[in-house]
Every structure is written in structure tokens, then in C-alpha cells.
Amino acid sequence: MAVIYGETVKTDEYLIIYLDSLRINSVLNFDLYIKKAGEYILYRSARLPFEEKNRQNLLDNNIDRLYIPLDNRRNYQEYIEGNIREIIEDPQIKESTKAGIVYDSAKLLVKDVLNNPTLGENIKRSQAMVEATVTLILRGQSAFHNLLRVMSFDYYTYTHSVNVCTFSLALARYIGIENVRELNDLGTGALLHDVGKTKISETILNKRGPLTKSEMQLVKKHPRWGCDIIKETDIINPESYFPVIEHHERENGSGYPNGIGADKTHAYSKIVAIADVFDAMTTKRVYRDAMAAFPALKTMFDDKGAFDKHLLEHFTRLMGPSKLSDL
Ligand SMILES: [Fe+2]
Ligand SMILES: [Fe+2]
């Protein structure tokens with residue numbers, strides 16, 4: 001049974017986690033397994049506290065990843081979300097590990113959001129996860145590179161949402177936006193930008209051939225549906241609505257749903273539009289392979305008048321040749 005690290009559902013039975021995501025002396029509420037010779041062995045039961053000696057023992061045996069049964073996933077997710085601030089502030093944990101924990105956790109969270117997008121609690125959880133990502137991104141470009149390394153480039157709406165949020169925040173930070181509130185609003189809108197797709201069937205979203213006219217009309221409704229969904233919960237700041245409704249708008253007015261051009265499109269939406277298209281092109285779909293980063297950026301530049309030129313130049317510089325080789 002293959003366990004592929006970096007994908008949210010690792011197997012039909014186990015989820016792989018970082019040892020560093022576990023807080024010392026905390027009750028975990030989920031069973032911990034280790035893997036030996038291909039077998040999963042119960043290491044610590046949910047009711048026992050996790051202590052320093054356990055951690056040391058695992059490290060002494062070169063174990064820095066553990067496994068939890070998938071039916072314990074919800075408990076693990078709650079645990080991580082409850083401890084995410086402490087994890088991010090912990091000087092003992094490597095920044096690259098923090099990026100992995102935040103990314104994996106954000107993916108699981110967005111899966112929940114997409115399953116139940118009008119649940120206010122899920123939207124609040126999204127905000128908390130965006131705040132954690134903002135804290136990381138504000139630490140500088142190395143945090144973005146760490147996130148880039150753990151990103152999943154197989155396309156699912158939930159991985160795409162987290163990637164778009166990460167790229168958007170990194171670009172915003174790169175062009176000098178450092179105000180936490182602004183970054184949180186942008187990040188929340190970016191994370192939830194495709195929430196309206198929950199109203200569209202997977203068959204249409206993953207269709208191999210070209211969409212029919214009526215299917216296309218349906219797909220074009222997702223920005224508006226997304227905005228309706230997040231308005232319904234009435235939790236997030238209205239600034240976050242912009243990227244949700246406008247991420248398919250284009251500078252030259254050729255986008256949808258309203259065909260508004262550069263002047264009327266919010267700055268957050270222009271950022272998310274670039275992150276969205278870049279991620280869509282550089283991830284693998286069921287019907288086509290992923291494009292490499294440079295050709296993807298070139299295609300975006302060639303699509304004259306679609307994207308904000310300056311933002312796209314900044315984004316290209318942010319990705320830079322040295323980072324592009326990681327993709
Ligand atoms: Fe979209
Ligand atoms: Fe998207």
C-alpha cells in the first residue's frame with residue numbers, strides 16, 4: 001500500500017504527519033502509528049499523553065514522520081488548528097517543517113470547506129489558517145520557498161485553493177503589502193476563490209474535451225455563486241469578496257462574470273487572477289500534464305492585456321529562475 005507524502009489522502013487508511021506537529025505533554029486524541037517493514041504498528045494510543053521521552057525515543061530511531069488512521073483525521077485536524085500558532089512560533093521546529101504542517105493542514109481544511117462551504121465554522125477555520133500562512137509569508141521569501149517545496153502540483157480544487165492563496169500572499173508581500181489585515185483579507189479571498197465550484201459537478205469540472213456552450217455558461221457562474229456562499233455566512237470582511245467574484249475578470253475586459261476591465265477590478269482580484277491561472281497551468285489535470293513554470297508565464301505574457309503587466313512582471317521575478325527549477 002503506497003503512502004505518498006504531500007498528498008492529503010495518503011492511502012485509504014493512513015495519513016502521514018510530521019512528528020514536529022505534536023506538542024509535548026498534550027493529549028492527542030488520535031492514535032499514532034509507525035511503519036516498520038511495510039507494516040503499520042500502533043505506537044501510542046489516543047488516550048496517552050505525548051511526552052518528551054516519546055519524542056526523543058522516536059528521534060533516536062530516526063523517525064520524524066508518523067501515521068494516523070484516516071478515521072482519526074478529524075481529531076488530528078482539530079488538534080493542529082488549535083495549536084497552529086504555537087507551532088509557528090516554536091523556535092525548535094524548522095521553518096521548512098512549519099511550511100509543511102501549514103500546507104498539509106490547509107489542504108485538509110479546504111476539503112472540509114468545500115464539503116460544507118456555508119458552515120460559518122469552516123469559514124472561521126479558513127481565516128485562522130490564512131493568518132498562519134500570513135505569519136509565515138511575512139517572515140520573508142525563504143518562507144515562500146519552503147511552501148513552494150511542499151506544494152502539491154496535482155490539481156484538485158482544494159490543493160489549487162491553497163496554492164492560489166500561497167502564490168497570492170507571496171506576490172502581495174513581494175510588491176510591498178505588509179499590512180496584516182490586508183494580507184488576511186486577500187488570503188481569505190484567494191483561499192475561497194473557487195468555492196462556487198462546489199455547485200458544479202465533477203464531471204463538468206474534469207471533462208476531458210471542450211465544454212459545451214451550456215456547460216461553459218454554468219462554469220462561468222462560479223464566481224457569483226462563490227460570492228453568494230461567503231456572503232451567506234457573513235463572517236469574512238467584504239474586501240475578501242473581490243477576488244472571489246473577480247478572479248476571472250481580465251484587464252482588457254475579456255473576462256467574466258461582468259467583463260469589467262482594469263479600472264474597475266480590485267487590486268486583490270488582479271493578484272489572485274495571476275496566481276489562479278499560473279497554478280491552473282502548472283498543475284497536472286486528469287486530462288493533461290502540467291506545464292513548466294517558464295512556458296506558463298510566457299503564455300500569460302503572450303495573452304496580451306489579460307493580466308496586470310506590472311504584477312505579472314513582479315510575479316515572474318518572485319518565481320525567478322532559481323526558484324523555478326524547484327517546480
Ligand atoms: Fe475560478
Ligand atoms: Fe481557480
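For this structure, a couple of remarks:
- Residue within segment 271-279 that is touching a residue at least 60 places away in the same chain (Cβ under 8 Å) and not hydrophobic (A, V, I, L, M, F, W, C) present: yes
- Among the residues of segment 87-99, those that are touching an Asp or Glu at 6+ places or on another chain (Cβ under 9 Å) and in a helix (DSSP H, G or I) comprise Ile87, Thr97, Lys98.
- When each of Lys53, Lys35 is tested for being at pLDDT 90 or above and assigned to a helix (DSSP H, G or I), the lone residue that passes is Lys53.
- Residues in segment 166-193 that are without any contact (Cβ under 8 Å) to a residue 60 or more places away in the chain and either in contact with a Ser or Thr (Cβ under 8 Å, 6 or more places away or on another chain) or within 16 Å of ligand 2 (Cβ to nearest atom) (or both): 2 in all.
- Residues of segment 274-309 that turn out to be within 16 Å of ligand 1 (Cβ to nearest atom) and of a type in the set (Val, Ile, Thr), as a count: 4
- Selection of segment 154-199 for residues being of a type in the set (D, E, K, R) and assigned to a helix (DSSP H, G or I) yields Arg173, Arg181, Glu182, Asp185, Lys197, Lys199.
- Any hit, segment 284-304, residues being more than 28 Å from Asn179 (Cβ to Cβ), assigned to a loop (DSSP other than H, G, I, E, B), within 13 Å of ligand 2 (Cβ to nearest atom) and in contact (Cβ under 8 Å) with a residue 60 or more places away in the chain: no
- Screening the candidates Ile229, Ile235 for the property of being among the aliphatic types (A, V, I, L, M), within 16 Å of ligand 1 (Cβ to nearest atom) and in contact with a helix residue (DSSP H, G or I) (Cβ under 8 Å, 6 or more places away or on another chain) yields one hit, Ile229.
- Residue tally, condition more than 22 Å from Ala267 (Cβ to Cβ) and either touching a helix residue (DSSP H, G or I) at 6+ places or on another chain (Cβ under 9 Å) or at pLDDT 90 or above (or both), over segment 290-321: 11
- Considered as a group, the residues in segment 198-238 that are surrounded by 14 or more Cβ atoms within 10 Å (Cβ to Cβ) and in contact (Cβ under 8 Å) with a residue 60 or more places away in the chain include one that is nearest to ligand 2 (Cβ to nearest atom), and that residue is Thr198.
- Residue in segment 172-184 that is surrounded by 16 or more Cβ atoms within 10 Å (Cβ to Cβ), within 16 Å of ligand 1 (Cβ to nearest atom) and not hydroxyl-bearing (Ser, Thr, Tyr) present: no
The values are calculated or read from the model by the stated rules, or taken from the named source; none is laboratory data. Owing to the predicted nature of the structure, the values given are computational and were not obtained by experimental measurement. Cβ coordinates were reconstructed from backbone atoms using ideal geometry, including for glycine residues, and neighbour counts include every protein chain displayed.
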